[in-house]
Structure formats: C-alpha cells, structure tokens
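Worksheet for the structure shown next.
The values are calculated or read from the model by the stated rules, or taken from the named source; none is laboratory data. Given the structure is predicted, the values throughout are model-derived calculations rather than measurements. In this analysis, Cβ positions are derived from the backbone assuming ideal geometry, glycine residues included, and neighbour counts consider all displayed protein chains.
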Amino acid sequence: MSAIRLLVLGAVRQHGRAHGYQVRNDLEYWGAHEWSSAKPGSIYHALKQMAKQGLLLAHETAPSTVGGPPRTEYEITARGTEEFLSLLRAALTSYDQNTDVLSAGIGFIVELERSEAVALLRERIAAIEGWRASVTDYYTPSEGPESLGHIGEIMHLWIHTADAGAEWTRGLIERIEGGAYTFAGEGEPFVGVLSEGQENPFATGIPDPGDAV
C-alpha cells in the first residue's frame, strides 16, 4: 500500500475542494515530504490519476492570479471517500506497513469515530502479536541472537520492532480512551490544513508549477 493515495485523498477531503498547490502545501506543512513519497511530482500525478479513476472530481476554475492557465480544483467523490476510509482502516490495522503508511493513518485517525479507532488499533496489536509469535517459532529471544549466528540479529530486530510497535499502540489506545483528541461526531475537529494564502513555514520553496493542477 502506498501512503500517497491516502495522503492526497485525505487532504482534499479536509478542504472540501482543493487545487494541487494547496494539497502539496498541506502535506509539506505536515512534514510528509520528509517521511513519505509525497513529493510535488507524485502529488500532482496522484491527483490526475485519481480523477481519471473517479475518486476525485476535477473542476476547472478561473486562471491563476499570476497569469497562468486555468487552475484545477479537486473534490472527493463518494467512491473516493470509500477508498479513503478503506485505506485509512488498512493503515491502522496492518502490522507490516511501512512507517509512512502508518504515519498517514495516524494523521487522519480522527476522521473515524473514537470507538472504531480504538477497535482498529486493537486489531493492529493482535496482528503484531501474531507476527511476533511466528518469529519466535524460529528464534527464542531469551537465548539471544548469538544462538543463530549474526543472522539472529535480524530476528532480534524484528522482535524489538514488534514489542515497540505494540507498546506504542497500547499507549495511543489509552490516550484515546482517556478522551484525547476530537473524533468524528464529537464536535469541531483539529484543523490541520492551511487556509488560502496562509504562509507555510515548512515549504520547500519550489514554485507552484503554473497553478494548473
């Protein structure tokens, strides 16, 4: 699973309608250009591809203020919302996703109801524990990695990764059950997007490519 689809769909959904530069600006504001493949080229490509797939609806608007071609704004469709929620749930439950996918999932976790978020995170813990158990079929942590030669260090890393992932997830569940954050249906959510014209302190400085996408 690629994080870029989840990130782009989620960013457009939060705006209601957004053009490519807004989406890119938001993702840079979240630091996604550092921890994922959400680079300018991939963002614009994802917008165009998902519009072709019916996940986004493209609206051609007035020409940009700098005299470029008409700007395209995107709006998420019903199919796009289904895809977004499916990707979000998969990102939160799967133990074997890359860190960027999990990070994207956490970034949008409050789009779900609190009870569902907790249930999905519990699924994640169960998946991690199942994977850990499969590793210990071949490697006994108490014997140390040396028992398998230097290759044992790989399994030692897997065990530590599983334990750390499960511990972090339990902590997140505890915070959520304790009332942290505002989830769907609970009131005004945290606003994690930039308003039109708001300066982005984390922008890469790459100019908007014609404002056309």
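In table form, for the structure just shown:
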item	result
Residues within segment 2-55 that are in contact with a helix residue (DSSP H, G or I) (Cβ under 7 Å, 6 or more places away or on another chain) and at positive phi, tallied	1
Residue check for GLU73: outside any helix (DSSP H, G or I), farther than 30 Å from GLU129 by Cβ and of a type outside the set (Gly, Ala, Ser)	yes
Any chance GLY149 is among the small types (Gly, Ala, Ser) and modelled with pLDDT under 95	yes
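Residue by residue, here is whether (1) surrounded by 14 or more Cβ atoms within 10 Å (Cβ to Cβ); (2) over 17 Å from the mean Cα position of the chain (by Cα) holds:
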position	(1), (2)
ILE43	yes, no
LYS52	no, yes
LEU56	yes, yes
ALA91	yes, no
SER94	yes, no
ALA104	yes, no
ALA126	no, yes
